[in-house]
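Report on the structure given below.
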Amino acid sequence: MQLDKRGAIAEIDDVLGRIGVRRPLLLVGPGMGNVAERARHLLRHSVAGIFSDAVAHVPSWQANLAVASAQEVHADSVISIGGGSTAGYGKIVAFSLRLPWIAIPTTLSGAEMTSRYLVTTDKGKEAGRSSRSAARCVVRDLDLLEGVPPMVLASSGMAAIAECLEVLARPECHGTANAAAGLQILWDALPELVANPGDSALRQAALGGAALAGMALEVAGPGPAQLLAEDLGARFRCDHGALMACLVPKAVDSAELIGRFASTRTPFSTVEDFAQSLSLPAKLADLCPPLNPRALVSRLVSRPDLVDAADSSVLLPILEAAA
């Protein structure tokens with residue numbers, strides 16, 4: 001179920017009624033306290049509890065705290081309010097306790113459309129996928145993007161664009177239609193939105209593009225740049241969208257894909273130029289300490305959850321070129 005319209009959050013009580021739950025745990029991302037309080041009021045104070053410690057990259061010990069919080073307050077559902085990491089907590093709680101998860105996205109990551117969950121452990125990012133971690137409902141309210149810092153919009157939107165490009169670079173994959181549509185929308189809307197975040201039409205377009213990117217990623221699965229960005233983000237607490245801006249141009253022929261699938265409304269023909277216009281970095285050295293590419297790739301390919309996804313002959317050249 002998806003609810004896409006201005007003021008959609010006002011219908012959150014009806015959404016819970018349709019699902020058949022009444023005691024949600026609210027998982028709240030940074031800066032989303034006002035939205036959480038509004039949701040609490042709309043739910044007529046039937047909220048079981050609020051977990052407001054959601055942070056980037058979903059550290060495993062904190063994910064465990066979120067699960068324990070849901071158990072302690074006898075929550076019958078979970079609502080995430082925030083970006084991709086907050087959605088990540090929702091997935092973990094939903095998967096662990098078999099609770100319905102309702103996503104209220106406030107960035108452009110598209111994570112609310114995927115069932116792949118990730119946690120950060122001492123081994124880096126570890127991933128899994130289950131229908132139990134898929135959102136039962138997405139409440140997409142363009143008004144909730146108002147006040148989100150432009151750099152958060154830029155970074156999360158860049159991550160969604162990069163996801164589309166990696167899917168389109170694998171034409172044998174399903175999901176290319178959504179990836180092409182998402183890329184075209186975001187390529188046009190994101191620079192204008194970052195410059196004019198108060199424009200409601202741009203917010204609506206960008207949210208729709210991000211949803212398409214998430215749908216494409218759900219079908220196709222992560223590409224090599226995504227796997228590298230996840231691991232680097234977990235190890236060095238780097239911004240995911242910024243990492244993807246550095247890695248994707250080394251993983252795909254972005255100029256060719258942009259020429260085929262993005263419109264010509266914007267003057268940018270490469271990801272590098274596009275990212276620079278958003279004030280995102282061009283090299284990993286601007287984000288991470290000096291890397292040992294071989295050691296990092298060796299660690300990735302040895303992870304049990306990536307046994308069929310990580311190929312050192314693909315990952316290593318990308319990482320060496322981006323470093």
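Only Cα pairs under 8 Å and 6+ residues apart enter the sum, and on that basis the relative contact order of the range 150-322 stands at 26 percent.
Projecting the Cα atoms of Leu3, Gly182, Leu16 onto the charge dipole of the chain (Cβ charges, centred on the Cα centre) puts Leu16 farthest toward the positive pole.
Taking a straight line from the alpha carbon of Lys250, these lysines sit under 19 Å away, with near neighbours fewer than eight places off in the same chain left out: Lys283.
Label-to-label distance, Arg23 versus Ala195, with points set 7 angstrom from Cα along the beta-carbon direction: 5.2 nm. Averaging the sequence gap over all C-alpha pairs within less than 8 Å and six or more residues apart, then dividing by the number of residues, gives the chain a relative contact order of 15 percent. The eigenvalues of the Cα gyration tensor, multiplied by 5 and square-rooted, give the range 220-264 an equivalent ellipsoid with semi-axes of 23, 11, 8 Å from largest to smallest.
Between Ala309 and Lys5, full extension at 0.36 nm per residue minus the direct alpha carbon distance yields a gain of 105.8 nm. Taking Cβ atoms as reference points and 12 Å as the exclusive limit, the residues near Asn178 contribute a net charge of -2, counting Lys and Arg as +1 and Asp and Glu as -1. Other residues whose C-beta falls under 11 angstrom from the C-beta of Ala216 contribute a net charge of -2, scoring Lys and Arg +1 and Asp and Glu -1. Look at (1) 31, 23, 16; (2) 38, 22, 19; (3) 30, 27, 18: the one that is semi-axes √(5λ) of the Cα gyration tensor in Å derived from this structure is (1). Largest GNM mean-square fluctuation across Glu230, Glu11, Glu163, computed for the chain with C-alpha springs under 10 Å, falls on Glu11. Per-residue ellipticity at 222 nm from helix content only, as computed over the chain with -39500 (n - 2.57) for each DSSP H run of at least four residues, stands at -16000 deg cm²/dmol. A simple rule links phi to the HN-Hα coupling: the Karplus curve 6.51 cos²θ - 1.76 cosθ + 1.60 with θ = phi - 60°, which for the range 284-299 gives 4, 4, 7, 10, 10, x, x, 9, 10, x, 5, 5, 5, 5, 4, 5 Hz, with x for Gly and Pro. Charge tally around Ser313: other residues with Cβ under 13 Å, Lys/Arg +1 each, Asp/Glu -1 each, net -1.
Across Gly90, Gly208, Gly157, mean-square fluctuation computed from a Gaussian network of the chain (C-alpha pairs under 10 Å connected) peaks at Gly208.
Each reported figure results from applying straightforward, stated rules to the coordinates on display, with no laboratory input. Source: prediction; values computed, not measured. In this analysis, Cβ positions are derived from the backbone assuming ideal geometry, glycine residues included, and neighbour counts consider all displayed protein chains.
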